[in-house]
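Heads up: the structure comes next, in structure tokens.
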Amino acid sequence: MFHICRNISASLPVRVLTGGVRCYCTPVKTFEIIYDEHGDPEKVLKAKTRTLPSLKDNANAVIIKMMAAPVNPADINMIQGVYPIKPGLPAIGGNEGVGEVIQVGDNVKILRKGDWVVPKSSGWGTWRTHVYSLANEVMTIPNDIPPVCAATLGVNPCTAYRMLKDFAHLRKGDVIIQNGANSGVGQAVIQIAKELGFVTINIVRNRPEIDKLTQILKALGANYVFTDEFLRNAEMKIVMKSITKPKLALNCVGGRSAAELLKYLQKGGIMVTYGGMSKHPLMVPAGPLIFADVTLRGFWMTQWNIDHNEAERRQMWDTLCSMVRHKMLQPPACQLVDIENFSKAVSQSVQPYVSHKQILVMDKSLKS
Ligand SMILES: NC(=O)c1ccc[n+]([C@@H]2O[C@H](COP(=O)([O-])OP(=O)(O)OC[C@H]3O[C@@H](n4cnc5c(N)ncnc54)[C@H](OP(=O)(O)O)[C@@H]3O)[C@@H](O)[C@H]2O)c1
């Protein structure tokens, strides 16, 4: 049954389905962070406010109120125009984040008002306060986990989970070595590996507050934390004699750091490269290839999402959400920044030695 809801700010009456499900009441304004050319994010990003189309025009659409969205390296690369996915310009920044459905089109059966949703694919544009989206472009996520976890689960923890599950036949007690261990992915690897019973050797860049960082990573479950400098040291070889050789190496740095990881892999070990933060090509020493027959692999979460169906994806999300509920998986160390201060968040996200993920916050209550 329908009744007429008279919009406060618009002169036309709009339709409401009683029962509180469908309401196209007030036109929704969005504040969004856009770019209409590729380049340095600190220069090309700008804020824009506009009114979203009404759901009257598309019964398959929903309106989502965004809560939080991180600033990830891939977002920066996409704005720079150096990422394999290039949304048409002008584009809205951000690839992951969580929002709440606030209006639902008449034909939409898969979503309800109040559902929490995340985008299904990259390039959807999460750095905005409100989104007019086709219902099938998003998927629901349980709303009993902290919003910051929900906003950051789809890229880094999913990547960590897949890399631990899909490349080596790991058993409890097996050892993994990773660089960039303080990254969002690295922190997720530490926690998920701990839960699965694997031992982690974690490499980070040296820095003035290395002891503090080491403690933070150990509190997450890291078994060993070494600096990249120590990794190159003769002492490291002695330390490694007391640890079972790793079966799996996870590399998000490249360059010389990748070569160092390869040197410690066990015979037949596998190194998965998933990032190139140093911007240096992988160095691959001949020794591990010839004498240990190591395998080099790559992983891209976006491709996994394309290649797998929603049920498989949901199964992974359920596992990770359950870990969050049981306090086995925390969100990355982060700094919450109001979306209006996006320039600050973006510039901070590319600074070295920060160890805090910048999270744009659209729902101010998350900061209290
Ligand atoms: N393939 C995939 O599907 C996939 C999915 C998720 C992420 N990734 C990639 O994984 C990487 C980490 O992503 P994230 O979101 O976890 O990152 P993040 O939380 O922003 O952390 C960035 C990491 O990169 C390190 N880093 C920055 N510049 C570096 C340099 N020049 N040399 C060595 N290390 C450097 C930082 O270490 P410091 O503290 O020492 O600066 C930090 O550990 C990125 O390359 C990202 O694109 C790939």
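Looking at segment 334-366, which of its residues are part of a loop (DSSP other than H, G, I, E, B) and touching a strand residue (DSSP E or B) at 6+ places or on another chain (Cβ under 8 Å)?
Listed by number, the residues that qualify are HIS356, MET362, ASP363.
Out of segment 257-285, which residues are small (Gly, Ala, Ser) and either within 8 Å of the ligand (Cβ to nearest atom) or not assigned by TED's automatic domain parsing to the domain that holds SER242 (or both)?
The answer is SER257, GLY275, GLY276, SER278.
Among the residues of segment 85-107, what is the count of those that are in a loop (DSSP other than H, G, I, E, B) and touching a strand residue (DSSP E or B) at 6+ places or on another chain (Cβ under 6 Å)?
Pass one, segment 85-107, residues in a loop (DSSP other than H, G, I, E, B): 85-90, 93-97, 105-107.
Now drop any that are not touching a strand residue (DSSP E or B) at 6+ places or on another chain (Cβ under 6 Å), which leaves 90, 93-94, 97, 105.
Looking only at that region, the number is 5.
Please verify whether VAL155 is under 20 Å from the mean Cα position of the chain (by Cα), under 19 Å from GLY94 (Cβ atoms) and of a type in the set (A, V, I, L, M, F, W, C), treating the condition exactly as stated.
Taking the combined requirement at face value, the residue satisfies it.
A quick yes/no check of all residues on (1) within 18 Å of the chain's Cα centre (by Cα); (2) of a type outside the set (Asp, Glu); (3) over 17 Å from VAL204 (Cβ atoms):
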residue: ASN233; (1), (2), (3): no, yes, no
residue: SER242; (1), (2), (3): no, yes, yes
residue: ILE270; (1), (2), (3): no, yes, yes
residue: MET283; (1), (2), (3): no, yes, yes
residue: PRO288; (1), (2), (3): no, yes, yes
residue: PHE291; (1), (2), (3): no, yes, yes
residue: VAL324; (1), (2), (3): yes, yes, yes
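Out of segment 264-279, which residues are surrounded by fewer than 17 Cβ atoms within 10 Å (Cβ to Cβ) and within 15 Å of ALA74 (Cα to Cα)?
Once the filter is applied, which keeps residues that are surrounded by fewer than 17 Cβ atoms within 10 Å (Cβ to Cβ) and within 15 Å of ALA74 (Cα to Cα), segment 264-279 yields only LYS279.
Return the residue satisfying two criteria in turn: it lies in segment 85-122 and is touching a residue at least 60 places away in the same chain (Cβ under 8 Å) and within 16 Å of the ligand (Cβ to nearest atom), and of such residues it is nearest to ALA150 (Cα to Cα).
GLY97
Would you pick out the residues in segment 192-213 that are open to solvent by 10 Å² or more (accessible area, probe 1.4 Å) and under 17 Å from CYS252 (Cα atoms)?
Correct list: ARG205, ASN206.
Those residues that are more than 24 Å from ASP75 (Cα to Cα) and open to solvent by less than 10 Å² (accessible area, probe 1.4 Å), I need them from segment 169-182; list them, please.
Of everything in segment 169-182, those that are more than 24 Å from ASP75 (Cα to Cα) and open to solvent by less than 10 Å² (accessible area, probe 1.4 Å) turn out to be VAL175, ILE176, ILE177.
Filter segment 217-260 down to the residues that are open to solvent by 80 Å² or more (accessible area, probe 1.4 Å), in contact with a strand residue (DSSP E or B) (Cβ under 9 Å, 6 or more places away or on another chain) and not basic (Lys, Arg) and list them by number.
Listed by number, the list holds a single entry, THR244.
Which residues, taken from segment 292-305, are open to solvent by 40 Å² or more (accessible area, probe 1.4 Å) and touching a residue at least 12 places away in the same chain (Cβ under 8 Å)?
Result: ASP293, THR295, LEU296, ARG297, GLY298, TRP300.
Please determine, by comparing only the residues of segment 49-84 that are in a strand (DSSP E or B) and basic (Lys, Arg), which one is farthest from the ligand (Cβ to nearest atom).
Applying the filter and picking the extreme gives ARG50.
Give the residues of segment 313-333 that are within 16 Å of the ligand (Cβ to nearest atom) and outside any loop (DSSP other than H, G, I, E, B), sorted by residue number. Spell out the reasoning first.
First, the residues of segment 313-333 that are within 16 Å of the ligand (Cβ to nearest atom): 313, 316-317, 320, 329-333.
Those that are within 16 Å of the ligand (Cβ to nearest atom) and outside any loop (DSSP other than H, G, I, E, B): ARG313, MET316, TRP317, LEU320.
The values are calculated or read from the model by the stated rules, or taken from the named source; none is laboratory data. Quick caveat: nothing in here was measured; it's all calculated off a predicted structure. As a convention, Cβ positions derive from the backbone with ideal geometry for all residues, glycine included, and neighbour counts pool all protein chains shown. SASA here: full protein model, heavy atoms, side chains in, ligands and nucleic acids out. Shrake-Rupley method; radii C 1.70, N 1.55, O 1.52, S 1.80 Å.
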